[in-house]
Amino acid sequence: MTFGTVFLDDCLPPERVSRTDADRTERSIDWGTDEADAVMPDAVVWPESTEEVSAVLTAANERGVPVTPYAAGTSLEGNAVPVEKGISMDLSQMDAVHEIRPDDRQVDVGPGILGDEMNDAVEKHGLFLPALPSSGAISTIGGMLANDASGMKTVKYGEVGDWALELEAVLPSGEVITAGSKAVKTSAGYNLKELLIGSEGTLAVITRVTLQLAGRPQQVWGGRATFGSVEDAASAVADAIRSGVDVAKIELIDELSVDIANEHLDTDLPVAPTVFLEFHANHGIETEVEFCKSVFEGHGVEEFDVTESDEKMAEFWAARRELADALEPYRDDLSLKTPGDVTVPISNYPEILAYAKQLGEEQDLLVSCFGHAGDGNLHYNILLDKDDPEQVAASEEVSKQIVHRAIELGGTATGEHGVGLGKQEYLEPEHGSAAVEVMRGIKRTFDPNGILNPGKVFPSDPSEE
């Protein structure tokens with residue numbers, strides 16, 4: 001269905017409403033969506049204030065026109081694809097730093113600001129948001145909160161949403177609400193803030209965020225360790241977390257991933273399972289590094305090299321940092337399937353990693369495994385010939401089996417990429433039908449006309465077909 005959008009000309013200046021093919025095409029996919037699955041919105045809008053977001057939503061709601069919030073388009077599960085057309089609401093112009101309060105270690109920002117730009121703005125006060133994902137240079141704060149994003153430093157600092165104190169948001173009706181508080185804790189009423197975080201733009205549009213910040217650590221050391229097998233590496237990580245080693249980052253990549261990184265960066269790292277490490281402290285960091293080394297020695301670590309040199313740390317981390325970009329060009333004859341991101345309790349991390357590698361070998365598929373090992377997050381990446389129906393079917397089956405195994409192990413289908421379109425079938429296996437129905441009820445309460453990012457998160461409901 002195509003929706004009339006003439007009413008938008010009464011909501012925003014003409015230069016911030018577009019119906020051109022170029023603008024609509026750009027917002028018809030995200031990073032994880034193939035062009036074959038693209039859906040063109042009928043119009044793109046760029047609001048610059050809460051009032052303008054409210055005006056667009058009010059008018060769209062009255063007419064039953066779908067609205068899909070859009071940030072930087074870096075999501076991987078089709079979260080921002082306007083599957084029912086309508087309006088793509090691009091929030092990138094709402095990128096202001098409204099206020100920095102150093103005494104409270106807080107900052108108020110718009111949803112369209114990039115994570116690294118926000119950190120640059122507060123750096124002069126000796127502050128930063130430590131939970132930013134590695135995509136902080138290209139992803140917005142609003143998108144991170146909508147997807148409940150996390151990253152390499154989650155093992156020490158938690159998720160981005162853990163640092164959100166207060167949200168201003170606009171409901172599908174156009175009403176503006178405040179969720180949370182600028183106080184560091186509150187027990188007043190239902191926790192609407194936590195409902196909005198991770199809701200993928202299906203409940204409300206976030207228009208302003210108050211974030212708690214942290215002081216920058218005085219000591220930062222980093223490096224890497226290599227192991228004889230991926231099982232030893234995973235067990236070492238699990239043991240380090242279990243033992244209470246205070247790491248800021250602890251990332252694992254398998255041999256295939258090292259080879260891919262070497263090819264991309266023209267480096268000659270040892271092709272062995274590798275754990276990348278970073279430690280943050282204000283004093284006594286040497287003790288924590290030695291503690292980690294002693295734990296790793298119990299798992300046959302072959303090389304353990306940690307340094308306080310910024311230049312050397314950058315060299316150490318290059319392989320992990322560039323890995324996502326290195327996968328696609330690794331083999332001319334193979335393409336990358338949408339990356340998986342299951343998460344399990346840390347004690348089960350070695351098992352899920354071994355399981356993913358085993359399935360790849362059984363199906364004769366290249367499965368690159370890496371991820372935020374310290375919080376049990378595994379990114380598995382299947383390389384396949386997309387023109388080979390058998391490989392496509394095999395890759396789909398491998399991915400499904402990994403997700404179901406993660407859920408069986410007490411984990412989740414998605415640790416940080418969200419549900420979007422790609423993970424809907426796993427919502428009920430993970431949460432149960434009763435819990436999913438409660439979620440549907442929340443959606444209906446917030447959005448009775450179903451206009452806000454429709455078609456996302458929930459599997460199709462037979463009762464509504």
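A short reminder: the numbers here are calculations on the coordinates, not readings from a lab. Since we're looking at a predicted model, the values are computed, not measured. Quick reminder, even Gly has a Cβ in these numbers, built from the backbone with ideal geometry, and neighbours come from all protein chains shown.
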Completion exercise
The lysines whose Cα lies under 16 Å from the Cα of Lys182, excluding any fewer than 8 residues away in the same chain, are Lys193
Completion exercise
Of every Cα-Cα pair in the range 97-215, the percentage lying beyond 19 Å is 41
Problem - Rounded tilt (10° steps) of 50-63 against the dominant C-alpha axis of the chain - result: 60
Exercise for the section: Starting from the range 143-208, pick out the GluC sites (Glu not before Pro) whose DSSP state is loop and whose Cβ has at most 15 other Cβ atoms within 10 Å. Expected result: Glu175
Fill in the blank from the handout: Out of Ser399, Phe227, Ser150 - ranked by how far each Cα lies towards the positive end of the dipole of the chain, with unit charges on the beta-carbon of charged residues - the top one is Ser150
Practice task
With label points built 7 Å along Cα→Cβ from the Cα atoms of Arg216 and Ser347, find their separation and express it in nm.
Solution key: 4.0
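Placing +1 at every Lys and Arg Cβ and -1 at every Asp and Glu Cβ, with all other atoms neutral, what dipole size does the range 256-327 have around its Cα centre, in debye to the nearest 20?
Details: 4 positive and 18 negative charges, 50 e Å.
Magnitude of the dipole: close to 240 debye.
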Completion exercise
Contact order relative to length for the range 217-322, counting C-alpha pairs under 8 Å separated by 6 or more residues, stands in percent at 47
Fill in the blank from the handout: Output row, site Glu425, 7 Å Cα→C-beta label point, backbone N cut-off 19 Å, window the range 1-42, residues 32-34, 36-38
Fill in the blank from the handout: Links exceeding 21 Å between C-alpha atoms in this model, out of Lys153/Lys456; Lys124/Lys156; Lys423/Lys443, come to Lys153/Lys456; Lys124/Lys156
Handout entry: Cβ-based exposure ranking for Arg101, Arg27, Arg321, Arg208, in which fewest neighbours within 10 Å come first
Key = Arg101, Arg321, Arg208, Arg27
Problem - Backbone N within the range 322-360 under 13 Å of label point (7 Å from Asp387 Cα along the Cβ vector) - result: 332-335
Practice task
Would you mind getting me the FRET efficiency between Asn282 and Asp104? Use the beta-carbon distance for r and R0 = 25 Å, nearest 0.05.
Solution key: 0.80
Practice task
Identify all aspartates and glutamates with a Cα-Cα distance to Lys85 below 15 Å; exclude those on the same chain that are fewer than 8 residues away in sequence.
Solution key: Asp21, Asp23, Glu26, Asp30, Asp37, Asp42
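As a footprinting exposure proxy, order Met439, Met144 by other Cβ within 10 Å, with the fewest listed first.
On the way: Met439 16, Met144 31.
Ordered by Cβ neighbours within 10 Å, fewest first: Met439, Met144.
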Exercise for the section: Relative to the longest principal axis of the C-alpha atoms of the chain, give the angle of the C-alpha long axis of helix 285-297, reported between 0 and 90° and rounded to the nearest 10°. Expected result: 70
Exercise for the section: List the relative contact order of the range 327-419 as a percent without decimals, with contacts defined as Cα pairs under 8 Å and 6+ residues apart. Expected result: 38
Handout entry: Relative contact order [Cα under 8 Å, 6+ residues apart], the chain, whole percent
Key = 15
Handout entry: Cα centre as origin, Lys/Arg/Asp/Glu Cβ charges: the range 97-215 dipole, Debye
Key = 260
Fill in the blank from the handout: Check: C-alpha center the range 38-59 vs C-alpha center the range 360-401, spacing in Å is 37
Fill in the blank from the handout: When Thr2, Thr412 are arranged by how many other beta-carbons sit within 10 Å of their Cβ, fewest first, they go Thr2, Thr412
Completion exercise
In whole angstrom, the spacing between the Cα centers of the range 290-334 and the range 146-206 equals 33
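Roughly speaking, what is the stretch gain from His125 to Leu12, that is 0.36 nm per residue apart minus the C-alpha to C-alpha distance, in nm to one decimal? Please list the in-between numbers first.
Details: separation 113, 0.36 × 113 = 40.68 nm, distance 3.64 nm.
Gain on stretching His125 to Leu12: 37.0 nm.
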Handout entry: the chain - convex hull of the alpha-carbon atoms, volume per residue in Å³
Key = 155
Completion exercise
The helix 230-243 Cα axis meets the longest alpha-carbon principal axis of the chain at an angle in degrees, between 0 and 90 and rounded to 10, of 80
Problem - Dipole magnitude (debye, nearest 20) for the chain, charges at Cβ of Lys, Arg, Asp, Glu - result: 1640
